[in-house]
Amino acid sequence: MLRMIRALALAALLAVLTGCAAQQTENREAPDPEITIRGALAFREGITPPPGSIATVTVADFADSSAAPVGTTSIRLERSNVMLAFELGVPQSQFDAGRQYVVRASVAAPRNEARWNTDVAQIIDATREEVDVGVLLMTRSRDDARDSDLD
């Protein structure tokens, strides 16, 4: 009789432990999948930023310019490039369904003596796992184009 009670108690304990382990597995959150955004920056005037310039690519809400970007990456230019590739991963949870998001870029030369910006914000499909925005054309800021010693 004592053996039977012990066996039943052991079986009940094993059932409880198995249930707890299964519940812990179910409660673990799946990693937040990322949307990968790729593209390249090209400098329209043929005047490239000098080495040491910083390119910043952002993904932001199209309708709310005051909202913080949902994703940003910065790339230091080691040499003057006519074309600069970029890749940015943004967690899907950062995007709200029904909103439009855009990719923009800017480049600041060392000591901010010149600046380039995308001429058009590229709308992206935030429901896809991978987005290729193609080539974003960069133009010099008007103030920089007038009085820069980089030309």
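The values are calculated or read from the model by the stated rules, or taken from the named source; none is laboratory data. Computed from a prediction, not measured in an experiment: that's the story for all the values here. For neighbour counting, all protein chains shown are included, and Cβ atoms are generated from backbone atoms with ideal geometry for every residue, glycine included. Quick note on the areas: whole protein, heavy atoms, side chains included, nothing else; ligands and nucleic acids left out. Shrake-Rupley method; radii C 1.70, N 1.55, O 1.52, S 1.80 Å.
One table, with the values for the structure above:
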item	result
The range 66-86, residues that are open to solvent by 60 Å² or more (accessible area, probe 1.4 Å) and at pLDDT 90 or above	Ala68, Pro69, Thr72, Ser74, Arg76, Ala85
Enumeration of residues in the range 128-145 that are at pLDDT 90 or above, of a type in the set (D, E, K, R) and either over 15 Å from Val102 (Cα atoms) or in contact with a Leu (Cβ under 9 Å, 6 or more places away or on another chain) (or both)	Glu129
Search result, residues across the range 29-52 that are in contact with a Lys or Arg (Cβ under 8 Å, 6 or more places away or on another chain), open to solvent by less than 30 Å² (accessible area, probe 1.4 Å) and touching a residue at least 60 places away in the same chain (Cβ under 8 Å)	Ile35
Selection count, the range 105-124, where residues are part of a strand (DSSP E or B), under 14 Å from Val135 (Cβ atoms) and open to solvent by 20 Å² or more (accessible area, probe 1.4 Å)	2
Residue that is at pLDDT 90 or above and either closer than 18 Å to Glu130 by Cα or not in a strand (DSSP E or B) (or both), where the choices are Ala21, Ala40	Ala40
Residues that are charged (D, E, K, R) and either assigned to a loop (DSSP other than H, G, I, E, B) or open to solvent by 60 Å² or more (accessible area, probe 1.4 Å) (or both), drawn from the range 53-65	Asp64
Ala97 being at pLDDT below 90 and open to solvent by 80 Å² or more (accessible area, probe 1.4 Å)	yes
